[in-house]
Structure formats: structure tokens, C-alpha cells
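The values are calculated or read from the model by the stated rules, or taken from the named source; none is laboratory data. Not measured: the values here are computed from a predicted model. Note that we place each Cβ from the backbone using ideal geometry, even for glycine, and neighbour counts take in every protein chain shown. The area values use the complete protein model at the heavy-atom level, side chains included, leaving out ligands, DNA and RNA. Shrake-Rupley method; radii C 1.70, N 1.55, O 1.52, S 1.80 Å.
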Amino acid sequence: ESLIERAEEAHWARKRREGDDERLNDTEHVSSRLLRAHAPALLDALQAALAARAARGRRAQTPGSKIAAATEKGAARNAGVSSGSSGRELAVLKRLGPLLGRAAASAAIADTLVPVLALRRLDENAASEVLGALAAVVPPPDELREDADRAAAATAAARHRSALAPLFGRLRSRSARKALCHAWNAIGRHDVAADACAKILNDFHADAKNSIDGIDYDTRLGAYDLLTAEWFLAAPPASSVPVLNHVIHELRGADMALRHAAAAALGRFLDAAVRSGSMSGDVKVVDDEDDDEDDEVDAEADDEVDEEDEGDEKDGDDDSGERKAKAPTDAVDADDFDPVAGMSTAAERAAEAAKASEASLAGAVAGVLAPGIRGLLRSPEATTRQEAIACFRRLALSWPSAAPGAATLADDADAGEHDFFSNMGHLQAHRRCRALRKMAKACEDGAVPFATINGYLAPLAVASLGDGGADVASTAAAAIGSLAAALPWASYRDLLLWMLRKAGGNRAARRGFNVEGSKALHIRAAATVLESFHEFETETEALSGVGVGATNVVGRSIHPAVVATLRADILPHLEKLTVVEDKEGKGGTVRPAASAAVVSLLRLLPEQDLNFDIGRVLGKIANCLRSRAQGVRDSARTALAVAAKGLGCKTLPQVVALLSNRLDRGFMTHVLGATLFSLVDACVHGADPMDVENALDEIVPLLDADLFGRAAEERTVDAIRGAYQEAKRCRSHEVLAILAANAPCPSALPTLLSPVTRRLHTAHVPALKRQIEACLASVQKGVLNNKHAVPEETLVLVHSVVNDGISQEERQAEYMEAVAQGHLEDNQLGARRRGEKETGNRVWERGWYLIKLPA
């Protein structure tokens, strides 16, 4: 600034001496020469500082980067973002113009300012300052006397017009839009296309002091009336771009009169585009960079999280993925980490998009109108979606290439009740449900290409998750699953990530206690997407000719890259959403929808990955069983039962093992018994008998402890029975009956009856005898209902048991008779000295002695 002050003093001194001495006028002050020599580096540094201000708190870069060097905080820490005002930088830019030469400097300084406005997440206060500086540095036409200067100014104005036009759809605050209008007026003095629409754009922002909210409705509505089809055809195509951006911005507003006027103007533009005869080219439906501006509420919440808790960035809740499904290369935007790099990338993209949009009315449809409608369909406001649906219908019918296949959802006027568009925007909830079901059916039948699903229908269905109408949200969740079944892998993955990041996108969703709140709807939709997992064409082609065996629960071969994505990107999000942590760190509450989604994902993992992940994932749910709150335990038990049923009996030993390690003392032993029954009842019925037999080694010891251990004694205590619901009833006998009815018989009977055989020597105790008889009755009940029992082997077992028992009784009677007659001495095993023969009864292992009957 000191150098600029000296250069300004020298400049004005030359002005005063002008005409006195020609030799002195030709001599330039050293400060001016220094500024001119170092102007490129100075402009780059000022641009970096402005980008840091406009980036509004984005994460920092590594030390030594341009932005870190341009800010005071960048040298001390990796924040790299200036939180102060950008007034000093803008003041320097304004003062550089006269010093560097008016015509050349204005273009250079404007080229420094305009790229800053291309940042995706732009601080509107900084945008107002930058736009004000831009309006100040653009020279008036009367100051440019030479043709070369006027041509350079016109070229720069056309370039800056393309950069400013999208801001009419992005900026929200009134002050920023006013500054944009002033900058547009300054550019319009040198550009014909900008000047053609400058008055209409100014009228769109007309204010009146005595009007409601300071809005001049007469002027604004009159400006919309001027936008006829003839105006769009007569004006340069580039003039339609800022007007369309403003119209789309107006459709987001809350003023009904302005919304209706904007919708009518948009319809007239479509009529003009059709009449222009430029419909021959196809419009490619792609993911849009600015569609996420419509998720204003979620975006604001994410910014608060980023500013207050930088650690949340590690959870993967970046702005690019939370609000919108994008290609993998765009999952994390460059401006999330480096504002300068993000500014350059965004400016290049904006220039490419503007070149196509300003070429013709068809280009404006493809580059401005279609992306704008896609953004409006994602709006959480029902009124905005209604206007967007009406515009979507006109676009689908007037310009089919912009939304291929969408016209098939429309119906004749005579059958309006079956029209998707009219039903989707209807006030009655059942009509909206009908529209969602029709959309899902059309996608399942393949009538709608995946590009239209990904660009229009999926955002609309996701926005309907927040619909408060009866059954609309649940119908939308089911419809999202149907849409996902028609998507290729990349779009399927992005849609799933979008649901998960919407579900966990802010601090309240991750750390609150609202288990079944609005975020659960997105979790439920994610579960339906996982349930709609299908064979993708690229995946099938990659696996063709390769001997890849399916080892997952669903019995389907899945490409290793897909499995890696499911484990690395999807599973961590679901793990965080499964349990709502409490503030004390004592576990939490299980989200049923999230647990169902976790199970759907685990079913897709190969056996090796499933064995590695199941303990960690289901262990969080099992920890909730340690809570003393009955409702928390009930929800966790239900979630584990659903997981066991989905994963099958083959994984039951692992689930039982992680339960036995966590529920090992106190009241938890009763919880373990009740949970064990829920698991067995959920997954054993109809399972493979060998899987049931493999699970017996983990289950039977727990049944033994529950029937004959401390838990059985505590169930007789009234205080314990009244405190815990699980202690009021023993479910182990029912578990024995279920296992005996589904395990292979008779090979599994020794294991099932091991708690009984170990206690036969004490069966004369009355209390114990009742427990043994109850166990035998349970096993008998199961065996009688066992469809897998082999009659011959069962008869062999029965005969051997009966024969062994009778033989033992006969030997015992003979022995007692011999002792009574004095022929034998009553000896106890182990009482004789070493080397002497012992007599007495011996019990076989587990009490069984099997023989083979002769054929």
C-alpha cells in the first residue's frame, strides 16, 4: 500500500505538470515501474487472498501453498483461511487501475476478480464486495478513445458476462444480488447481449420503500410480462442465460405471485426454444455442479459442523457427497481443501458450460434450464417442488431429449388421475403415493433410462422422504429401492452414499436421541437400496470366464471392486448410524432401519470378509443389551434377531459367541437367555441341519448355565423377577425343542442331552429331577417334530439306551444280592491300593453306549 501511495502521488504530480515539460512527462516514477513489473505476481496474491475469504471457512491446505502464504493464519496453522474482511485487497485492486493504465488494467483486474465468484460455496458478503470492485474497475465507454481499447473491453466484457450469468441463480441475499446487477450494468456498456437484458434484470430486483418487504411488485411482474416468446427469439441467445438463472432462483422463493410469473415465463421460453428449430441435437443428462444449492438447510448445517468440529470431517461427511450423488472423481471437490485450486477448476468448468449455453436457445435448455429443474426437484419445500414438477412436465413433453423416457409418465388430459406429474404435485397424499408407485413400476419395466432416473426421478423421490402426508415417505422409500434396481453400479453407489450422508449429515443426526426421526427415513431408503442390489452389466462382464465362487449369504458372485467399495465406503456410514450414542457413553439405542441396512450389506460380503466384520458391526448392537433400560434391550434384541435371520444359521455360532462374551454377569445372564431364544427362533427354523449341529457347541453350554446355574436360582427371587422382564420366564426349554426339531437326529442328541446326562447321578434330588424331566420333555417334543430324523438310526439309539439301562439295573441288582449274601465286598472306585483290582459301576462318557443291531 505504501508503494501504491507513492505511485499515486507521482501520477497526480505528472497530471499537474502536464504540458509544462515534455521531458518530465516521459519519465515514469520508479514506484509505477515497480508496480507494472510485478503486477502479475501482485494480482495472483490478491486473487489468492480473495479466494480464501470467499471460500468461507473451508479446510486448509499444506503449509507453503498459495493460500497459506496469502493469509495470516496460514503461517501459524493449517487453516489457511482468512476470516476477516476482504476490503483491503479490493481497495488495492481499485487503486491499481489508474496506475497500470485504464484499459489494460481494467481487464487484468477484472480477470482477477471474476474467477473468485466461481467458487461453489461462496460467501455472499465477500461476493458483494468483489462485485462492487468489479463494477468500479470496468471503465466507462467514453474513457476508451482508441479502437483497440474498445475491442479489448468488449472481449473482456463477453468473457465476464459468461462468468456472472450463473450468479443470478446462485446468490440469495438481496445485497449480493443488487451488487450483481450493478456489475452487470457496467459490463453491459461494452457487450450487446448483456445490455439487451440489463433493464429486465434490474426490474427483477426493483424495490419500493412503501411496499411489503420493500418489493416493487408492479415493476417485477411487468418485467416478467416482457419475457415473451418473441423476446427470447429476438434477443441474443446469451441474453437468455442470466434471465433463466433468475427465473430458476425465483421458483425457489416463497412469494407465490413471483413464482407463478416465473413459471409462466419459463414456459414461454420453452415455446421459443421449440420454435427456434434447434431440437435436433440430443441433450446429455449429467450430474450438475450447482444442483446442491437447493439443499440449503442441509448445507448450512454441514457448514456449522465443519466450523465447530473439524474432527467431523474424518467421518466422510463432505459437502460434495452428502447432498448429491456424483462421479467418483468428483466425490471430494478441490475447493474443499484448496480454495485457489477450487477457484481455477470451477472457473474452467463455468467457462466450458457458458460457451455451450450461450450458443443457442437449445444450449440454454441443456445448460441452464434442465439442470435448474433437476435442482428444483430436490428442494425440501413442497411448493417449490410443485412448480418444478410442472416445469418438468413441460420440459419432458416439449423437449424429450432433455429427459428421455419421462414423457411416458404423462397421461392424456382425459385421464388426469393417472398422470404422474399431476399426481406428484397434488395436494392429496394418496395421489402422491400413486405417482410414486407409477414411477417405480415404469423404472422396473425399463421404460425410463437410467440417466433420467439419476437426474430427475431419484432426486424427486429423495425429496419426497420429507413429505408429511400419510404413507408418502414410506412409499418414497420403497420407490427409491425400485429406482436403484434400474441403475448401473456407479449411479447405484452414489445414490446409496447420498442416502447415508443425508441420514448422518449434521450433528443432531449423529449425536442426538431421535431414533425414529426424519433421518430414519433416509436410512430406510438406504436399506431398500441395499435390498435392491442386483447384477450390474460391467460387473457381469468382468466376472465372465473367471471361476469366482459365491461365498456370500445371497449366493451371488460380486466383483471384488464392488465388495471393496461396500466395505470401505458404505459399511462405515452404516456402523455410525446403527446406534444412537448417549451422552454418558453407556451404549445407546439401536436404530431398527439402520440395523436392517447393515444386515442387507453383510449378506453381500464374501465369507472371509463377513467373518472379519460381523463381530465389530453386530458387537455395537450387542453392547446395547447391557443397558438397564428395558426399551433399549428390547430394540437391540429385535435387531439381533433380524440380523441372525438375514445372515442365516451358519453365522449363529459367531453371534452367540459375541453375546456370551458381553453378557457374562449379573442381570445380563437373564438377558442372554432371552436373547438366545430370539436368535434361535429367528434363524434355526428351516435351516440346514448341519449348520444347526455346528451351532450346538456354542449354544448348549449357555442353555446348561441358564437351566441349572445361578440364573435358575435368581429366577425364584421376587425382587429380580420384578426388576427385569427377562428374569420372569425361562426360554431355554423352548430353545431345546427348536434345536431338537431342526438338528440332525440322532447324531445331535448326545450334545442336546449332555446337560441331562451329566446330572443323572443326582437325579434322585426332587428339584433337579423336575428340571431333568423338563429338559427331556423338550427334547422329546423337538425330536417328534424333526423332519430330518432317520428312523433306523433313531431306533438303534433307543435300543442301545434302553438295553444299556436295563443291563445296568440287572447288574446292580445282582451286585446288591451278592453283597447281601456276603459273596462280594462293597468297594468304591479308587479306594483300593495301587495294583489291586477294583469293582463297581462305571458310567460311559455322556452316558451313552451304542451298539449295532444285527441286520
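Per the listing Asp203, Asp207, Asp218, Asp191, the residue uniquely crowded, with 19+ Cβ neighbours inside 10 Å, more than 20 Å from Ala388 (Cα to Cα) and of a type in the set (D, E, K, R) is Asp191. Tally time: how many residues in segment 386-407 are polar (S, T, N, Q) and modelled with pLDDT under 90? Total satisfying the criteria: 2. Please list, ordered by first then second residue, the pairs with beta carbon atoms under 8 Å, 6 or more apart or interchain, first in segment 464-480 and in a helix (DSSP H, G or I), second of a type in the set (Asp, Glu) and buried (at least 23 other Cβ atoms within 10 Å of the Cβ). From residues that are in a helix (DSSP H, G or I), there are no pairs. Taken as a whole, segment 802-823 holds at least one residue that is modelled with pLDDT under 70 and outside any helix (DSSP H, G or I).
Evaluating Asp411 against the criteria (1) farther than 30 Å from Leu233 by Cβ; (2) buried (at least 22 other Cβ atoms within 10 Å of the Cβ); (3) more than 29 Å from the chain's Cα centre (by Cα) leaves one unmet condition, (2). When you look at Gln630, is it touching a residue at least 60 places away in the same chain (Cβ under 8 Å), more than 28 Å from Val783 (Cβ to Cβ) and open to solvent by 20 Å² or more (accessible area, probe 1.4 Å), yes or no? In short, yes.
So that you can scan it fast, the table gives a plain yes or no per residue for (1) touching a Cys at 6+ places or on another chain (Cβ under 6 Å); (2) modelled with pLDDT of 85 or more; (3) crowded, with 23+ Cβ neighbours inside 10 Å:
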position: Leu122; (1), (2), (3): no, no, no
position: Leu131; (1), (2), (3): no, no, yes
position: Pro140; (1), (2), (3): no, no, no
position: Ala148; (1), (2), (3): no, no, no
position: Phe168; (1), (2), (3): no, yes, yes
position: Arg172; (1), (2), (3): no, yes, no
position: Leu180; (1), (2), (3): no, yes, yes
position: Trp184; (1), (2), (3): no, yes, yes
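When Ala743, Ala719 are screened for being surrounded by fewer than 16 Cβ atoms within 10 Å (Cβ to Cβ), over 41 Å from the mean Cα position of the chain (by Cα), of a type outside the set (Phe, Trp, Tyr) and over 13 Å from Gly673 (Cβ atoms), only Ala719 passes.
The lone criterion from (1) part of a helix (DSSP H, G or I); (2) of a type outside the set (Lys, Arg); (3) under 26 Å from Ser747 (Cβ atoms) left unmet by Leu672 is number (3). Summed over segment 416-433, residues that are open to solvent by 30 Å² or more (accessible area, probe 1.4 Å) and within 26 Å of the chain's Cα centre (by Cα) total 1. Determine whether segment 484-495 contains at least one residue that is assigned to a helix (DSSP H, G or I) and open to solvent by 50 Å² or more (accessible area, probe 1.4 Å). No, because not a single residue in segment 484-495 is assigned to a helix (DSSP H, G or I) and open to solvent by 50 Å² or more (accessible area, probe 1.4 Å). Within the set Ala674, Ala636, Ala723, Ala643, the sole residue that is in contact (Cβ under 8 Å) with a residue 24 or more places away in the chain, closer than 26 Å to Leu776 by Cα and small (Gly, Ala, Ser) turns out to be Ala674. Counting residues in segment 765-786 that are over 60 Å from the mean Cα position of the chain (by Cα), modelled with pLDDT of 80 or more and either of a type in the set (Lys, Arg) or open to solvent by 80 Å² or more (accessible area, probe 1.4 Å) (or both) gives one or more. Sort out which residues of segment 677-703 are open to solvent by 20 Å² or more (accessible area, probe 1.4 Å) and free of Cβ contacts under 8 Å to residues at least 40 places away in the same chain, and write them in order of number. Once the filter is applied, which keeps residues that are open to solvent by 20 Å² or more (accessible area, probe 1.4 Å) and free of Cβ contacts under 8 Å to residues at least 40 places away in the same chain, segment 677-703 yields Asp688, Pro701.
Scanning segment 659-671 for residues that are free of Cβ contacts under 8 Å to residues at least 60 places away in the same chain and open to solvent by 10 Å² or more (accessible area, probe 1.4 Å) yields Ser660, Asn661, Arg662, Asp664, Arg665, Gly666, Met668, Thr669. Restricting attention to segment 555-580, the residues that are in a helix (DSSP H, G or I), open to solvent by 60 Å² or more (accessible area, probe 1.4 Å) and either farther than 20 Å from Pro592 by Cβ or polar (S, T, N, Q) (or both) total 4.
Within segment 743-753, the set of residues being out of contact with any helix residue (DSSP H, G or I) (no Cβ under 6 Å at 6 or more places or on another chain) and not in a loop (DSSP other than H, G, I, E, B) comprises just one member, Leu749. Return yes when Ala196 is among the aliphatic types (A, V, I, L, M) and open to solvent by 30 Å² or more (accessible area, probe 1.4 Å) and no when it is not. So Ala196 fits the description; yes. For the residues Ala451, Ala440, Ala396, the requirement of being surrounded by fewer than 21 Cβ atoms within 10 Å (Cβ to Cβ) and assigned to a helix (DSSP H, G or I) singles out Ala451.
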